[in-house]
Amino acid sequence: MSKRVADLVVDTLQAAGVRNCYGIVGDTLNRIAHAIDHSEIDWVHMRHEEAGAFAAGAEALLTGRLTACAGTCGPGSLHFINGLYEANRNRAPVILIATQIVRQDLGLESIQEIDYEDVFKGCSVYCEMIVTPEQARRKTVAACQAALTRRGVAVLVIPADVANAAAHEEPPYAVHARRPLIRPSDEDLDAIAAILNKSEAITIYAGAGCAGAHDEVVATAARLKAPMAHTSRGKDFLEHDNPYNVGMTGIIGGGAGYHAILDCEVLLLLGADFAWTQFYPSKATIIQIDIDPTHIGRRHPVTIGAVGQIKPTLEALSPRLEQHESNAFLAAHRDRFDKDRATAEAETVSGPDAAISGTYLTKMINKHAAADVLFAADDGTATVWMLRHIDTGGKRRTFASLLHGTMASAWLRRSGCKRANPAGRSFAWPAMAGSPCCSAIF
């Protein structure tokens, strides 16, 4: 049999770096499943499509590479939507192959006909249908490139008859996903430095946008003598080897981070899009740096908003910053943070007839788990325990539904992480809040 559109699509996915595809096979997906079976991509059969989307999102978030999921027509592909919202909000590069009924039946309210482009537009950075075999390679490349460069979910809709059609000789379109270095202008950097150099009580609030910029953030805190609070999603990248860390703020944060932000004169927001307005200072000067222009000033009014990646921005800002000498503001909040940590660590096991405290059990897991363990927590109290009492140390990672708030999804993320780490990296999995036994280690 000559090469089919399904083969071309799968070849393009493989060339874009896809290693695993999660889903459930059904009639309109058969030809694509056959092509995957003959490729280097592994098909990961799931018991439910939603589980496949969560697993794919976790793999993509952990590895940074494009990860796929695929489903059959109608309700099959529709089941992915909750996990795709999660992946898209986490800026995880995921591509969904949503197969469709044959073209001649579209627009007639046919059985299992769903307008996927209308359904998925709210949780994707790209959503298009391959209308003819002649555009298969071009649209597949566009979908892969959108997911990788815009960091989100791409949905590629493929009617069954198109997937089974003979592939057309298209020009050699290919995925190009090199990322540029982006930093604010010199004028913006000068203005930011002028504020920071004349100010004393400065707090840094750093988020997941600081991934890969740990040393630069710590060096900036040292230059400014600034306590550094971090968001829950920034925990993995910032809390370790950081003498300026004062923990989180917000509903699940601690007193040190909360007061360091509310009591400061200048708040330097770095790659943080923390949503809760009531936890921002009301009178402080706020400087925000973020790679996404739509994040600037959307949670709280800011004095200066600048677009840039955190690592190159801080590298360019550093020579403009004067060394601060007074550490009174830093010392006060670090002292509070150290006391809070000491109090938490002093917790002891309950009596022999009492239930084991979830916080105590989490601390024991933290103590005995491997240095590079991956933690996945269900939404609710288990996530709070993980974020408060698990030390990441620069090698561990934590996964929870922090932006979407989906219940009971830890096991699904664990599946994707495990698939991305078949060599045996261990896992800890705090179960759903309310379970009498809240944790297990794999």
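The values are calculated or read from the model by the stated rules, or taken from the named source; none is laboratory data. Predicted, not measured: the structure shown is a model, and the values here were computed from it. When we count neighbours, we look across all protein chains shown, and the Cβ atoms used for this are built from the backbone with ideal geometry, even at glycine. In case anyone asks, the SASA skips ligands and DNA or RNA and just uses the protein heavy atoms, side chains included. Shrake-Rupley method; radii C 1.70, N 1.55, O 1.52, S 1.80 Å.
Go through T303, T285 for me and flag whichever is farther than 18 Å from V217 by Cα, in contact with a strand residue (DSSP E or B) (Cβ under 7 Å, 6 or more places away or on another chain) and crowded, with 16+ Cβ neighbours inside 10 Å.
Testing whether each residue is farther than 18 Å from V217 by Cα, in contact with a strand residue (DSSP E or B) (Cβ under 7 Å, 6 or more places away or on another chain) and crowded, with 16+ Cβ neighbours inside 10 Å leaves just T285.
Can you go through A208, A226 and tell me which one is open to solvent by less than 10 Å² (accessible area, probe 1.4 Å), in contact (Cβ under 8 Å) with a residue 40 or more places away in the chain and either closer than 27 Å to L62 by Cβ or in contact with a Phe, Trp or Tyr (Cβ under 9 Å, 6 or more places away or on another chain) (or both)?
None of the others qualify; the one that does is A226.
I need the full set of residues from the range 254-266 which are surrounded by fewer than 23 Cβ atoms within 10 Å (Cβ to Cβ) and not in a strand (DSSP E or B), in order please. Lay out the reasoning, then the answer.
Let us first name the residues in the range 254-266 that are surrounded by fewer than 23 Cβ atoms within 10 Å (Cβ to Cβ), namely 254-255, 258-259, 262-263, 265-266.
Result: G254, G255, Y258, H259, L262, D263, E265.
Please tell me if A154 is buried (at least 20 other Cβ atoms within 10 Å of the Cβ) and in a helix (DSSP H, G or I).
It is false that A154 is buried (at least 20 other Cβ atoms within 10 Å of the Cβ) and in a helix (DSSP H, G or I).
Could you check the range 288-300 and list, in sequence order, the residues that are touching a strand residue (DSSP E or B) at 6+ places or on another chain (Cβ under 6 Å) and either under 19 Å from H230 (Cβ atoms) or crowded, with 20+ Cβ neighbours inside 10 Å (or both)?
Q288, I289
Are any of the residues in the range 327-342 assigned to a loop (DSSP other than H, G, I, E, B) and open to solvent by 30 Å² or more (accessible area, probe 1.4 Å)?
Yes, because at least one residue in the range 327-342 is assigned to a loop (DSSP other than H, G, I, E, B) and open to solvent by 30 Å² or more (accessible area, probe 1.4 Å).
Do any residues in the range 1-29 that are among the small types (G, A, S) have Cβ atoms under 7 Å from those of residues that are buried (at least 24 other Cβ atoms within 10 Å of the Cβ) and in a helix (DSSP H, G or I), where the two are at least six apart or on different chains, and which pairs are they?
Note: pairs meeting the criteria are A6/I32; A6/A163; A16/C144; G23/E49; G23/G52.
Could you tell me whether the range 353-372 includes any residue that is in a loop (DSSP other than H, G, I, E, B), polar (S, T, N, Q), open to solvent by less than 40 Å² (accessible area, probe 1.4 Å) and in contact (Cβ under 8 Å) with a residue 60 or more places away in the chain?
Checked the range 353-372: no residue is in a loop (DSSP other than H, G, I, E, B), polar (S, T, N, Q), open to solvent by less than 40 Å² (accessible area, probe 1.4 Å) and in contact (Cβ under 8 Å) with a residue 60 or more places away in the chain.
Checking G393 against (1) open to solvent by less than 60 Å² (accessible area, probe 1.4 Å); (2) modelled with pLDDT of 85 or more; (3) outside any loop (DSSP other than H, G, I, E, B): exactly one of these is not met. Which one?
For G393, the failing item is (3).
Filter the range 17-74 down to the residues that are among the polar types (S, T, N, Q) and open to solvent by less than 10 Å² (accessible area, probe 1.4 Å), then identify the one that is nearest to M407 (Cα to Cα). Spell out how you get there, then give the answer.
Our first condition is that a residue be among the polar types (S, T, N, Q); within the range 17-74, this holds for 20, 28, 30, 39, 63, 67, 72.
Still in the list and also open to solvent by less than 10 Å² (accessible area, probe 1.4 Å): 20, 67.
Values: N20: 24, T67: 23 Å.
By that ranking, first place goes to T67.
Out of the residues in the range 124-139 that are within 11 Å of V5 (Cβ to Cβ) and out of contact with any strand residue (DSSP E or B) (no Cβ under 6 Å at 6 or more places or on another chain), which is least open to solvent (accessible area, probe 1.4 Å)?
In this case the residue turns out to be A136.
Which condition does V5 not pass, out of (1) open to solvent by 20 Å² or more (accessible area, probe 1.4 Å); (2) more than 22 Å from L84 (Cα to Cα); (3) aliphatic (A, V, I, L, M), if it passes all the others?
(1)
Given the criterion modelled with pLDDT of 95 or more and either charged (D, E, K, R) or under 24 Å from the mean Cα position of the chain (by Cα) (or both), identify the matching residue among A87, A35.
A87
Name the residues in the range 161-178 that are surrounded by fewer than 23 Cβ atoms within 10 Å (Cβ to Cβ) and either aliphatic (A, V, I, L, M) or under 16 Å from T28 (Cα atoms) (or both), would you?
D161, N164, A165, A166, A167, A174, V175, A177, listed by residue number.
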